[in-house]
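Working notes for the structure below.
The values are calculated or read from the model by the stated rules, or taken from the named source; none is laboratory data. The structure displayed is predicted, hence computed values, not measured ones. Virtual Cβ from ideal backbone geometry, glycine too; neighbours counted across all protein chains shown.
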Amino acid sequence: QDHKPSNFLRQIIENDLAQGTYASRRWAGSPGDAAHHAKGEPDPAKIRTRFPPEPNGYLHVGHAKSICINFGLAKEYGGVCHLRFDDTNPEKEDTEYVNSIIDAVKWLGFDWAQLGQAQGAAASQDCGAAPYQASDYFDFMYRAAEALIEAGHAYVDEQSAEDMRANRGDFGKPGVDSPFRTRTVEQNRTRFREMRDGKLADGAAVLRAKIDMASPNINLRDPAIYRIRRATHHHTGDTWCIYPMYTFAHPIEDALEQITHSICTLEFEDQRPFYDWLMERLCECKLLAAPSPKQYEFARLNLTYVITSKRKLAQLVNEGKVSGWDDPRMPTIVGLRRRGYTPTSLRLFADRIGVTKSDSWIDYSTLEGCLREDLENTAHRAMAVLDPVKLVLTNWDEVMGAGHLEPCTQPALPPAPQGASQGPEEGSVPTRHFKIGKEVWIERDDFLEEPPKGYKRLYPPRAGADGQMLPGNKVRLKGGYVIECTGCTKDANGVISEVQATVIPDTKSGTPGSATVKASAAITWVGVSDGLQAEVRLYDRLFADAQPDAGGKDFLAALNPDSLKVVTAYVEPSLANVPAGAHFQFERHGYFVTDRVDHAGGKLVFNKITGLKDSWAK
Ligand code: ATP
Ligand code: MG
Ligand code: MG
């Protein structure tokens with residue numbers, strides 16, 4: 001196991017494990033590891049964490065951080081992480097999102113029934129276990145609410161919404177008791193059952209916890225715990241017309257699943273006292289048993305040039321600013337995947353940014369760096385010409401033979417780094433094959449008629465200081481021959497339509513003559529005879545502003561108009577039959593992936609993931 005730096009969550013967990021805080025827990029019957037254990041046995045999971053998304057949208061890079069933290073910690077400490085759908089809000093949820101969340105977690109390399117793996121037992125037994133869903137606990141939540149009523153800890157409030165808001169008070173201004181706060185247990189029980197039985201209109205009443213209307217923490221001023229909402233739930237249908245509030249439901253979900261460490265983002269810090277209050281009351285009522293789960297908060301991920309609000313991402317999709325949730329410019333997990341980010345790169349990213357308790361912005365280049373690190377030694381190399389202009393070797397037929405095509409080879413992977421224990425065995429590196437002939441495609445900017453000082457690529461003969469003609473520049477066509485530039489042709493608009501050069505025979509790469517002629521640079525190219533046409537999608541950041549929605553800014557105004565440029569490129573013939581979702585390094589250009597959606601049936605479509613070097617700082 002690799003050594004990860006410690007952080008405050010690891011310290012808390014290690015401390016709990018050392019003290020046996022959760023050692024007395026009995027296994028309560030979790031779907032994920034039912035195969036191994038009987039109810040009432042000590043819980044075999046050393047810790048239990050959970051990732052509890054609301055299935056109301058697609059997950060984004062911030063969720064990936066949370067997934068890596070929760071599943072990662074469980075895996076590391078012999079525990080289990082539950083994937084739980086927090087589906088207590090009937091209106092916004094959909095099974096489309098449920099499925100996309102399951103896909104995202106699996107794709108990132110995690111499983112919600114990991115115990116077998118952690119213990120070295122057969123993990124396969126557990127695969128296919130159903131995730132948890134909060135709506136399975138509606139019955140228990142209802143009973144918990146009645147138990148609070150019986151113990152005098154909850155009341156049905158029928159103030160208008162405005163009165164309730166006004167009477168809640170504010171910072172530095174205590175709240176005012178509701179006139180319904182002194183209802184008897186009997187009255188509350190009757191009224192709550194009437195709420196459940198559909199006798200009251202939506203919004204006519206709420207059940208509130210009875211805590212302290214003067215608390216400095218506004219979340220403790222008798223928070224609402226149940227509301228009336230006639231809405232069909234995607235899982236429980238029309239069984240209920242009252243639904244628990246998130247703040248009430250969430251601690252109960254954790255407790256029923258015997259979660260030990262309930263890890264969430266900082267905005268829930270003020271909810272922690274209510275979480276603890278509820279756990280204590282429900283233990284007193286004997287509905288739950290100690291030890292209770294505990295909530296811990298970490299700073300959410302803020303990534304430069306990215307927004308991570310589901311609502312705003314939905315707006316981009318709905319207003320057609322992007323092609324969908326999986327547009328390669330989207331920070332959604334499906335978008336990142338289609339863009340070419342790998343599970344390894346995202347897990348590496350989560351490790352690298354770490355877990356802290358203070359908000360900060362992470363530079364987007366950190367994410368790109370993780371991708372490069374993953375692909376550097378594993379992505380097959382290829383040559384691609386993204387902005388092609390034709391180069392004609394005018395002496396080819398004469399010196400090489402008319403119509404001759406010379407086979408060339410290059411390794412598909414770089415040599416293993418010095419001293420590396422892994423990497424390809426000597427001689428086992430796959431080889432790319434392509435051919436050079438009279439005509440090749442080169443990058444338009446690899447030729448300049450009037451080169452600035454220091455330019456090392458192709459330029460034609462020109463007059464020297466003494467008026468004598470100097471020869472054109474010599475460069476190597478990578479993996480092929482050294483050539484000498486002789487000139488160019490322009491079209492009616494003055495745009496260069498062809499570059500000319502002569503080939504210097506016997507200088508082919510890998511032959512004894514290759515070192516006899518000095519080339520000032522090596523340029524990438526693709527043969528006209530065997531090059532393949534490809535659509536290449538060049539992506540740039542979606543927003544031009546590093547913090548597009550900070551401080552309530554209009555993030556739509558910050559959209560980068562040049563975030564997508566589609567070009568017709570030529571790529572080498574080794575890419576003829578590559579599958580969708582395959583990663584490559586196009587030499588000199590960066591990392592590319594075949595598009596998961598549009599690359600098919602002989603149509604080559606590549607997405608640019610990122611360049612070879614960090615260019616964001618410029
Ligand atoms: P949004 O506010 O965009 O709708 P959310 O926080 O409501 O997102 P949930 O589905 O409730 O989305 O989130 C599931 C989990 O992911 C929560 O525990 C939440 O704290 C965590 N999470 C959400 N956004 C981030 C983020 N940017 N960084 C880290 N964790 C996050
Ligand atoms: Mg939420
Ligand atoms: Mg949120």
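Looking only at residues in the range 48-75 that are in contact with a His (Cβ under 8 Å, 6 or more places away or on another chain) and among the basic types (Lys, Arg), which one is farthest from ligand 3 (Cβ to nearest atom)?
48
For the range 302-346: of the residues being within 14 Å of ligand 3 (Cβ to nearest atom) and more than 11 Å from the chain's Cα centre (by Cα), which is farthest from residue 99 (Cα to Cα)?
Taking the candidates together, the pick is 302.
How many of the residues in the range 135-146 are within 16 Å of residue 238 (Cα to Cα) and touching a strand residue (DSSP E or B) at 6+ places or on another chain (Cβ under 7 Å)?
Adding up the residues that qualify gives 1.
In the range 199-208, is there at least one residue being assigned by TED's automatic domain parsing to the domain that holds residue 55, more than 16 Å from ligand 3 (Cβ to nearest atom), surrounded by fewer than 14 Cβ atoms within 10 Å (Cβ to Cβ) and not small (Gly, Ala, Ser)?
No, the range 199-208 contains no residue that is assigned by TED's automatic domain parsing to the domain that holds residue 55, more than 16 Å from ligand 3 (Cβ to nearest atom), surrounded by fewer than 14 Cβ atoms within 10 Å (Cβ to Cβ) and not small (Gly, Ala, Ser).
Consider the range 103-134. How many of its residues are out of contact with any strand residue (DSSP E or B) (no Cβ under 7 Å at 6 or more places or on another chain), at pLDDT 70 or above, of a type in the set (A, V, I, L, M, F, W, C) and not in a loop (DSSP other than H, G, I, E, B)?
Matching residues across the range 103-134 total 2.
Any idea which residue in the range 169-215 is farthest from residue 152 (Cα to Cα), counting only those that are aliphatic (A, V, I, L, M) and in contact with a strand residue (DSSP E or B) (Cβ under 8 Å, 6 or more places away or on another chain)?
The extreme case among them is 201.
Can you say whether residue 347 is part of a helix (DSSP H, G or I), at pLDDT 95 or above and on the phi < 0 side of the Ramachandran plot, as far as the supplied structure shows?
When the stated conditions are applied, residue 347 passes them.
Condition first: within 16 Å of ligand 2 (Cβ to nearest atom) and in contact (Cβ under 8 Å) with a residue 24 or more places away in the chain. Can you find one or more residues in the range 229-243 that meet it?
Yes, some residue in the range 229-243 is within 16 Å of ligand 2 (Cβ to nearest atom) and in contact (Cβ under 8 Å) with a residue 24 or more places away in the chain.
Condition first: over 24 Å from residue 306 (Cβ atoms), in a loop (DSSP other than H, G, I, E, B) and of a type in the set (Gly, Ala, Ser). Can you find one or more residues in the range 581-597 that meet it?
Yes, because at least one residue in the range 581-597 is over 24 Å from residue 306 (Cβ atoms), in a loop (DSSP other than H, G, I, E, B) and of a type in the set (Gly, Ala, Ser).
Restricting the search to the range 154-187, which residues are part of a helix (DSSP H, G or I) and under 16 Å from residue 223 (Cα atoms)?
Listed by number, the residues that qualify are 161, 162, 163, 164, 165, 166, 167.
Determine whether residue 553 is outside the structural domain of residue 361 (by TED's automatic domain parsing) and out of contact with any helix residue (DSSP H, G or I) (no Cβ under 8 Å at 6 or more places or on another chain).
no
Applying the selection to the range 543-583, what residues are more than 16 Å from residue 594 (Cα to Cα) and among the hydroxyl-bearing types (Ser, Thr, Tyr)?
563
Any residue that is more than 20 Å from the chain's Cα centre (by Cα) and in a helix (DSSP H, G or I) - is there at least one of those in the range 76-89?
For the range 76-89, residues more than 20 Å from the chain's Cα centre (by Cα) and in a helix (DSSP H, G or I): present.
Please find, within the range 37-66, the residue that is farthest from residue 339 (Cα to Cα) out of those that are aliphatic (A, V, I, L, M) and more than 8 Å from ligand 1 (Cβ to nearest atom).
Among those residues, the one meeting the criterion is 38.
Quick check on this structure: which one of 567, 536 is surrounded by fewer than 16 Cβ atoms within 10 Å (Cβ to Cβ), β-branched (Val, Ile, Thr) and assigned by TED's automatic domain parsing to the domain that holds residue 338?
Unique residue meeting the criteria: 567.
Go through the range 464-474 and give me each residue that's modelled with pLDDT under 90 and among the aliphatic types (A, V, I, L, M).
Scanning the range 464-474 gives a single hit, 465.
Here's a check for you: in the range 251-303, which residue that is assigned to a helix (DSSP H, G or I) and of a type in the set (Phe, Trp, Tyr) is nearest to ligand 1 (Cβ to nearest atom)?
Once the filter is applied, the top-ranked residue is 268.
Which residue, of 507, 489, is surrounded by 20 or more Cβ atoms within 10 Å (Cβ to Cβ) and more than 30 Å from residue 378 (Cβ to Cβ)?
507
Scan (1) closer than 23 Å to residue 302 by Cβ; (2) within 16 Å of ligand 2 (Cβ to nearest atom) for the single condition residue 94 breaks and write down its number.
(1)
Go over the candidates 212, 177 one by one and state the one that is without any contact (Cβ under 8 Å) to a residue 60 or more places away in the chain and within 44 Å of the chain's Cα centre (by Cα).
Criteria check complete, one pass: 212.
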